[in-house]
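To start, the structure under review is shown below, and the notes come after it.
The values are calculated or read from the model by the stated rules, or taken from the named source; none is laboratory data. Remember, it's a predicted structure, so these values are computed and weren't measured experimentally. Note that each Cβ is placed from the backbone with ideal geometry, even for glycine, and that neighbours are counted across all protein chains shown. Calculation scope for accessible area: heavy atoms of the full protein, side chains included, ligands and nucleic acids excluded. Shrake-Rupley method; radii C 1.70, N 1.55, O 1.52, S 1.80 Å.
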Amino acid sequence: MNTRADIDVRAGTPVAGVAGVILAMALAAIGNGLMFAYIPVRLGAEGYAPTWAGLILTGLSAGGIAGCLLTAWLVRRVGHARAYMVFSALIVLSNALVGMAVDPVVWIVARALYGFAICGMFVVAQSWLNDAVGNTIRGRVMAIFYVCYIVGLGVGSYLMGFLDITTPMAPIAGIAFTAASILPVGLTQLRQPPPPQGAAVAVREAWRISPVGVAGMLAVGGLSMMIAGFAPIHATASGYSQQQVAALMFAMPLGTLVFQIPFGWISDRTDRRYVLIAAAALVVVAGLAASRFDGGSLGLMIAIYLIWSGASESIYSLSSAHANDRASKEELVRLSGTMLFLWSVSGFIVPGLGTALTAAFGTASFMIVAIVVAALFCAFTIWRVIRSPRVPADETGAFTPLSAQTPLPVPPTKD
């Protein structure tokens with residue numbers, strides 16, 4: 001017979017400890033969202049070309065690739081709690097470097113440190129939650145975890161509109177939120193999860209399991225960085241005020257929450273590839289609308305970007321769910337590591353292309369890149385629907401809302 005601890009959390013696991021991990025990442029998200037919005041606005045105010053903001057975004061993605069490969073090694077050496085504090089310290093260092101002076105070259109290094117650290121923090125937090133809670137509530141706990149993080153990103157972006165960007169107030173606030181996020185982890189009574197396996201990158205196996213899942217990760221890695229990363233760069237270059245950029249950045253994470261639940265509900269009841277096609281097509285339409293009405297009223301642009309961001313972020317969770325439907329239990333860990341790696345590589349290469357096009361044709365180039373990426377993925381998915389049958393409904397898993405601003409879930413080590 002299952003005990004209540006088996007049903008809710010594992011035996012001996014304090015509920016406050018689970019809540020503490022979620023709170024820690026939500027606090028970190030506020031600081032992260034603040035810095036995402038602050039950097040392009042401050043560079044624009046200082047007269048730097050938008051290309052620098054694109055290079056900084058590419059540096060962040062490069063750090064994320066390193067995080068994918070090295071986090072498991074670090075956690076095996078020092079444990080989850082110490083690793084989380086190491087990653088938090090790196091984010092504090094990153095924000096301190098940003099706050100010392102407006103130097104784009106230094107900022108590239110700083111944001112690469114951030115990319116490495118945030119990837120590691122997610123691996124630690126997800127491993128902890130997966131180990132702490134049982135199967136019956138794991139999906140709900142992880143959904144709460146992601147929603148709290150996404151909301152934190154939006155709150156942080158909105159907060160930027162109230163700070164004096166001519167001073168180091170924003171980086172200092174980012175440091176404060178990151179430091180505060182260490183407290184719940186430092187005081188936690190959660191037991192240490194088993195050490196994670198080493199990084200597993202098996203692209204050929206992932207392609208065999210789910211070509212659409214692989215293509216979706218390659219698409220959404222670039223889409224996420226282009227839309228979420230270049231939107232504040234373009235808005236700043238187009239003359240939007242600090243408060244307007246903050247409002248735009250606040251709305252985009254809300255789009256993730258608005259679209260993922262209905263898309264996920266539908267995908268649980270039909271071939272997920274149909275929903276992926278619809279999401280990709282919506283990204284194309286919203287991108288065309290963003291291009292057509294670029295420079296229009298703030299309310300109209302917020303509505304367009306909310307749809308654009310929400311539809312693109314949904315490709316992430318839908319692709320993950322579709323790939324997991326086709327994988328065996330033994331393949332899940334390797335598949336997750338490979339998908340995370342592919343997402344990171346795309347998040348490095350596509351923004352690099354966007355930065356090069358920005359230098360040549362202006363900041364609006366990111367819209368064309370995003371439209372082309374989404375259109376290619378949409379066409380590929382249609383082709384796969386024609387070529388390959390769907391997974392039977394009784395063999396599919398339940399949809400979990402995710403964001404492309406967060407690494408893929410770490411598969412549970414037990415159960």
- Normalised by the number of residues in the range 253-379, what is the relative contact order in percent for Cα pairs under 8 Å and 6+ residues apart? 37
- Message: Residues of the range 62-100 with the amide nitrogen closer than 19 Å to a label point 7 Å from the Cα of Ala45, along Cα-to-Cβ, please.
- Response: 95-100
- Query: With every protein chain present, what accessible area does Leu190 have (1.4 Å probe, heavy atoms only), rounded to the nearest 10 Å²?
  - Reply: 20
- Item | Largest to smallest accessible area among Ile39, Ile182 [probe 1.4 Å] | Ile182, Ile39
- Message: With every atom except the alpha carbons ignored, what do you get for Rg and Dmax of the chain, in angstroms?
- Response: 20.2, 67
- Item | Per residue, in Å², the accessible surface of the range 231-323 once ligands and nucleic acids are set aside, probe 1.4 Å | 34
- Query: Can you put Val284, Val15, Val214, Val106 in order of accessible area, largest first, using a 1.4 Å probe?
  - Reply: Val15, Val106, Val284, Val214
- Roughly how many whole Å is it from the C-alpha centroid of the range 167-192 to that of the range 303-328? 29
- Message: So, taking all protein chains as they sit and a 1.4 Å probe, how much accessible area belongs to Ile266, in Å² rounded to tens?
- Response: 80
- Item | Share of carbon and sulfur in the accessible heavy-atom surface of the range 46-149 [1.4 Å probe, %] | 72
- Average Cα contact separation per residue, the chain, under 8 Å, 6 or more apart, as relative contact order %: 26
- Message: Heavy atoms of the protein only, probe of 1.4 Å, neighbouring chains included. What is the accessible area of Asp294 in Å², nearest 10?
- Response: 60
- Task: Give me the number: length gained by fully extending Ala202 to Leu298, i.e. 0.36 nm times residue separation minus the C-alpha to C-alpha distance, one decimal in nm.
- Result: 30.1 nm
- What's the Kirkwood radius of the range 33-98 in Å, using all Cα pairs? 13.6
- Solvent-accessible area per residue for the range 47-87 (1.4 angstrom probe, square angstrom): 41
- Task: Please give the calculated 222 nm ellipticity per residue for the chain, where each DSSP H segment of at least 4 residues contributes -39500 (n - 2.57) and the sum is spread over every residue; nearest 500 deg cm²/dmol?
- Result: -26000 deg cm²/dmol
